[in-house]
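Written below as structure tokens is the structure these notes are about.
Only the coordinates and a few stated rules stand behind these numbers; no lab work does. Fair warning: this is a prediction, and the values are worked out from it, not measured in the lab. For neighbour counting, all protein chains shown are included, and Cβ atoms are generated from backbone atoms with ideal geometry for every residue, glycine included.
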Amino acid sequence: MTEQVVARILLTLFFLLGRCLTTALAASLSDFRSTQSVIPSTSYNRPSLPAAARASVATAKPAVPANAAITASKKPAMTASSAPAVFKQSSTGIIASFPGSPELGNYAYSYDQAIAANYFLANKNYSAAGKTLTFYEKIRKDWKSSSEGQNSPGVAFQKAFNPANGTISDPVIATGPNAWLGIAALNYTQATKKNTYLSLAKDIGTYLVSLNQNDGYQGIVTAPGSSIRSTEENIDTFAFLNRLASATGDSTYRTAAQDAYTFVKSMYNPATGYFNAGINGNTADTRFATDVQTMAILTLGVDGLEEMGVDVEELLAVTEAQGAVQTTYTKPDGATVNVTGFGFQGGDNKISVEWTAQMIVAYLAVSKEYAADGNIEKARYYKNQATFYLTELKKMSSDNALPYATAANSPTGFGWDTPTGSVSLVATAYYNLAVAGDNPFTPESDNLWK
């Protein structure tokens, strides 16, 4: 065989090999692109954490197990029940917070009623939401017609009432539950275009304004004469009064809202990367509380936090490092499930269903903002986080109801213990808000999963 023939054979082989490689590369690239269209990149890295938070990240259990499959970002195959039994209203219009509980069966907590009303509104069940709000509107009218009420600034409601007869179960009056009742009244007003409960919102707002402090810290105290200012309650108050000012045109509400905002901003700790729990007098309460972080995200959003000097991705990462919990839960039928969620405080060993559901909605809100800005990779990442945790909470559901926490009679770290029983109104309501993708701070039904 001559050298020319050998050369031609070799050239032919190289040409054929080149065509094969080109075809294979094109096919691989096509597969890669189609995969990238539905699966977020696993190489996405969020911003580094502040030094004080790195140790907790290094030792914390991962929020999503490292071997968890990354799946397409979409709403889980679950639907919120239109009316689970836990939402059954009594003749008074309010609902037992812990139905069947021997200790708390006669308690309908006002905060829980506000969240339940928002659940009804998210499902466009305006009649049920109105029935709950009417209970408080009747008390307001009776109070305002009394001689004492006529000389008092606004109106405020006790922490809990008996769902059967409407008498007071817990006489304490606190800022947070009242702010949430105001939010529910405003949500009803703006969703239905009816002013049935606008006076209720205004009187609650007037009461909260009376708690505003014009000192160096600003913000709303927890009760008249108190020296305690809660970050979470000031977030709630800011959100409520800011919207109330827009609804009424009353600048008094706006001024108090701005003071609450100023206080919340001062509570952010750059060293730890999270908002402190609050202050007592001049003493800072530097504890981590999961709900403070989620409420800040749901109220202010990505851009609002950035204006405050807070990076939302760093805040989420720190919240995962501080609050993520992996534990077991024994259901009413005796079955034990492994669950990942969020606790009440840093280093907690139990999961709060309500605060985990809040975190789910926070993930969805962040995802929605990133999607609107065209940052699809980040949007998918946080939507996947929401999907993971919602699937985890679903493991704890029994007969469309969820418990308050994975452990009963356990200190939350913030002045109360987790209750006994397997059914919690507020936990079930917030779970259903997460399923619906609804941010209760907003008047419209968001459907953040879209």
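Measuring r between the beta carbons of A372 and E444 and using R0 = 22 Å, the FRET efficiency lands at 0.90.
Net charge in the neighbourhood of T231 (other residues with Cβ under 12 Å of its Cβ; Lys, Arg +1, Asp, Glu -1) is -2. Once the Cβ-Cβ distance of N151 and E307 is raised to the sixth power relative to R0 = 56 Å, the FRET efficiency obtained is 0.90. For region 408-450, the list of chymotrypsin sites (Phe, Trp or Tyr not before Pro) that fall in a loop by DSSP and count at most 14 other C-beta atoms within 10 angstrom reads F414, W416.
Can you give the translational diffusion coefficient of region 100-266 in µm²/s, computed by Stokes-Einstein from the Kirkwood radius over Cα pairs at 25 °C and 0.890 mPa s? Taking Rh from Cα pairs, D becomes 153 µm²/s.
Kirkwood hydrodynamic radius of region 247-305, from the reciprocal of the average inverse Cα-Cα distance over all distinct pairs: 12.7 Å. Kirkwood-type hydrodynamic radius, region 229-269: 10.0 Å, calculated from all non-identical alpha-carbon pairs.
Centre-to-centre, using Cα atoms only, region 159-191 and region 265-319 are separated by 26 Å. Dipole check for region 100-266: with +1 at the C-beta of Lys and Arg, -1 at the C-beta of Asp and Glu, and the Cα centre as origin, the magnitude is about 620 Debye. Counting 0.36 nm for each residue step from D170 to E103 and taking away their Cα separation leaves a gain of 22.8 nm. Projecting the Cα atoms of Q258, A129, I115 onto the charge dipole of region 100-266, computed from C-beta unit charges around the Cα centre, puts A129 farthest toward the positive end.
In straight-distance terms, cross-link reach from K193 covers every one of the lysines whose alpha-carbon lies under 18 Å from its own, apart from those fewer than eight places away in the same chain; here that gives K124, K131, K202.
With neighbour counts taken as other beta-carbon atoms within 10 Å, the residues S147, S352 rank, fewest first, as S147, S352. Across the options I168, G219, L186, the greatest Cα extent toward the positive end of the charge dipole of region 100-266 (unit charges at beta carbon of Lys, Arg, Asp, Glu) belongs to L186.
Only Lys, Arg, Asp and Glu carry charge here, each on its Cβ (+1 for the first two, -1 for the last two); on that basis region 348-450 has a dipole of about 280 debye about its Cα centre. Between the alpha-carbon centres of region 401-435 and region 193-225 there is a gap of 27 Å.
Simple spin-label estimate for N125 and K141 gives 2.4 nm between the two label positions (7 Å along the Cα-to-Cβ direction from each Cα).
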